[in-house]
Structure formats: C-alpha cells, structure tokens
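Read through the structure below, which is laid out as structure tokens, and then see the notes.
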Ligand code: ADP
Ligand code: MG
C-alpha cells in the first residue's frame, strides 16, 4: 500500500520534490490496514510534510485501498537513524540509507555547492534550439558578473535547463576552484527560508546566500504565492548584483508569464538577458541520441537514431528514456541495434503515440463544446463559465492522456499541480452525483476517442 502511494507520488511530483520529501520516508502499515505510520527524519520535515503532502497521501491511500485510512506522521526513532547496523532488528521498518542526520545544521552545509559534476558543456549537444542560451551561459561561466546578469533561461520540461545551469557552475569551478557557487532548486530555497524563519537564523541564511559568487537557481516558477520567500530572494538578488556576483535562473515561462510573483521581482528577472530553450529539432535529437549511446559505450547507427528521433519528439528526457529501453533490449537479447530492434523495444511507446489523445485536442474539444475560447484554457480568468470547462478539460486530460499532474498544469497556462489535482477530484466526485455532467463527459469522451 505504501509503495503504491510512493509510486503514485513519484508520478505526480517533480523529481526534486519527490527526492527531497518523499523518497526518504519510511512507513509502517498497521496489520489491520486501519492506519499508516509515516516516519520522518526530523521535526522540520515533519511540519513541512504535514502541511504540503499529508492530505495528498491520505487521499491517495484511500483511493488505493478503497476506504479511508488514517495517516499518522511520526518522528523516526533516533536509534534507527543513529545505528544503521541494528537495522535487522527492526524488521518491519525499512529505513533508507540516505537519511539526513537528525537536526542537520544549515550552516554546516553552507558551501556544499550541490553541483552535479556530470552535467557539463562538453556533454550538452548544441543545436538551434539551445544555441543562444548555451552561448550566453558559456559567457557567464567564463566572465561572471559582467554581461547578462541575471541570466534568465526558460523553456518546457526536459529541454536541458537544469543541465545548462550545472554546466555553468562546473565550468566556473574548473577555472576558479575557490569560487563560491551554489546550485539550488527554487523549492529547496523555499524550504531554506522556512527553516531560517522557524529557527530564527536569518543572519546565517543571509550570510550564506549573500556571499556567493554565482547563484544558480532552478525553476523559479515555484516561488509563486510564497511571499516571504520572494522577499528573501529579492534581498539576496539585490545584494548579489550589488557586488557583481552572477545569478542564473530558470523557469518554465518567460518572466512576465510568471503567475503570482511580485511585479518588482519579475522586472528584476527581466533586467539582464532572457533566453528561451526550444524543443530540439530533428537533427539535434539525432545527435543527442548518438552521443548518449556513445557515452554508454554503445553504437547507434544513424538510421536508427533518425527513426527514434522522428518518433520521440517532445523533449530530451523522453529521448533518453527511449534510448535506455533500446540499449537494455539490445543487451538483454544480445542483438545489434537496428530499426527493427528499436521498433520492438519501443513498441509500447509507439502504440500509445498512434492512438494518442493530446491535451491540446482536449482543450479545443471542451472549449468548442462549452462555447468558450480555447485561449481561456490557459488564461487566469476565474468566472465559473470559464473555470468549470477548464476543470473538466483538466479532468479529461488526466483520464485520457499519460500526462502527469505537473505536466497538465503546465499545459493549462502554468498552473500548479495541486490546482489540477483539485479539478480532477472535484469533477470525478461530481460525476458520480450529477447525471447531466456525467452525460456531458460521456459525449466529450466519445468525441475525443473518435
Ligand atoms: P529541464 O531542466 O529543462 O527540465 P534537464 O536539464 O533536466 O531539463 O534535461 C533533461 C535531460 O536531458 C537531462 O538528462 C539532460 O542531461 C538531458 N539533455 C537536455 N538537453 C540536452 C542536450 N542538448 N544535450 C545532451 N543532453 C541533454
Ligand atoms: Mg530542470
């Protein structure tokens, strides 16, 4: 049961959220399935999980199990964490290896730069889609504090924004090993602010952030509606620019497209250089496949790379997934990589594509049906005549496509995944009760399925 919840959360949350908050958790399900006790490493995490995720976990568990289950949060007993060798004794509590030490001191981790040394310029394939962003990033890495400050990089998921950021940090450190560089995901920044707030350690917090030479902050759209965080980020931002430290940011949208972020921050974001990363074009997808195969010591013939690249178009992450399947298939069956083999390895993926209902398609069909504009599917307008069809479209997107909640939110004008989840729950709940709605949904589903 717990594993099913975790799997579900892995799909719905961003990788960062999942790895930070959910992955370290352990749980014990009561023998009679009446309750699940979730163990959390420390008090801070416990509060955060209670606020952010407990409701979601409870409703998930209920859905999976078929009736309400009590979710109980508890601090992981210290001795379990402190004496991992005694694990065998606590047979039914599975404690992961990478638990943070209890009461982790933020100051002690001050200059862990959090860079992934495997993400470099060398293994980032260049193409029309990322040429500008890559050039700007290289410039920043070689002469930080000068042009393009801040550098704001935006684009859809899986297009290489995070990779590019790490590349900047790694390049700068290769040239100047003493530089103070920090890579941080916006969500981690939010939790750092919360921590500093709770422990009244804002001085340390400021010292840590304001002394950097290069701050790489990923996915700033997560600052939406976090007022306190925005204020602290604004302060850090001003302090860093004043001393000519460099700031590189990424987001899923251009600065003015960011929702629920203070105007003064948005205009700061836009005050250096703003560049987009586009989805990779065919030749770039081919080059990426060939390069990545080589990095895995495999040889992918060009014609196979073309075949895969033509069929997997959305982003680099999906290309990587396809490549992984092909390599595994080839190794397992001890066969050379060929088009026939790729077709076989990607059978599921290709067949889903053939009968795929796209979110765009759903948005258009629903908008036509309820006689609203397609653009209102992404707009921020809230009157019920628009908000309701939009929720219906989100619900159908979840039911009829393979997209995750965050991906759907993204396609609906950058809405938060919780908004999507709310819509999905609301419509599926009402569907049980309102025959009229149920009929409408039925018509829409038939239309979409052709
Ligand atoms: P984003 O942050 O935009 O969602 P990531 O930086 O996480 O995307 O990239 C997703 C995956 O694709 C990563 O494994 C990254 O290394 C890889 N990737 C993205 N763009 C390129 C590229 N141009 N060349 C090689 N690998 C890439
Ligand atoms: Mg990213």
Original post:
Which percentage, to the nearest 5, of the DSSP beta bridges contained in the chain is antiparallel?
Top reply: 15
Original post:
Between residue 379 and residue 242, how many nm apart are label points set 7 Å from Cα along the C-beta direction?
Top reply: 4.2
**OP:** Using every pair of alpha-carbon atoms in the chain, split the distances into 20 Å bins beginning at 0 and state the percent of pairs per bin, rounded to integers.
**Re:** 21, 53, 26, 0
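With r defined as the distance between the Cβ atoms of residue 204 and residue 117 and R0 fixed at 22 Å, what FRET efficiency is calculated, to the nearest 0.05? Numbers along the way, then the final one.
Working: r = 27 Å, r/R0 = 1.21.
With R0 = 22 Å, the Cβ-Cβ based efficiency is 0.25.
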Subject >> Protection proxy ranking of 288-294, 172-178, 406-412 - average other beta-carbon atoms within 10 Å, highest first >> reply: 406-412, 288-294, 172-178
**OP:** Rounded to whole Å and ordered largest first, report the semi-axes of the equivalent ellipsoid of region 359-449 derived from its Cα gyration tensor (root of 5λ).
**Re:** 17, 14, 13
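So if I take the alpha carbon set of region 196-351, get Rg, then get Rh from the Kirkwood formula, what is the Rg over Rh ratio?
Taking Rg over the Kirkwood Rh, I get 1.17.
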**OP:** Can you tell me which of 264-275, 209-220 comes out highest on packing, and rank the rest after it, using the mean Cβ neighbours within 10 Å?
**Re:** 209-220, 264-275
Subject >> Computed FRET value (nearest 0.05) for residue 67 with residue 135, which takes r as the C-beta separation and R₀ as 60 Å >> reply: 0.60
Subject >> P(r) weight above 21 Å for region 128-276, C-alpha pairs, percent >> reply: 38
**OP:** Of all alpha-carbon pairs in region 227-271, indicate the percentage at a distance above 14 angstrom.
**Re:** 50
Original post:
Classify region 205-247: rounded, prolate or oblate, from the alpha-carbon gyration tensor (a ≥ b ≥ c, eigenvalue square roots; a/c under 1.5 rounded; otherwise prolate if a/b is larger than b/c)?
Top reply: prolate
**OP:** Express the Stokes-Einstein translational diffusion coefficient of region 2-89 in µm² s⁻¹, to the nearest whole number, given a Kirkwood radius over alpha-carbon pairs, 20 °C and a viscosity of 1.002 mPa s.
**Re:** 158
**OP:** Apply 1/(1 + (r/R0)^6) to the Cβ-Cβ distance of residue 174 and residue 278, taking R0 = 25 Å, and write down the FRET efficiency to the nearest 0.05.
**Re:** 0.35
Original post:
Using a Gaussian network model of the chain with C-alpha springs under 10 Å, which one of 180, 381, 398 is most mobile by mean-square fluctuation?
Top reply: 381
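A short reminder: the numbers here are calculations on the coordinates, not readings from a lab. From a predicted model like this one, the values you see are computed outputs, not experimental measurements. Every residue, glycine among them, receives a Cβ derived from its backbone with ideal geometry; neighbour counts consider all protein chains shown.
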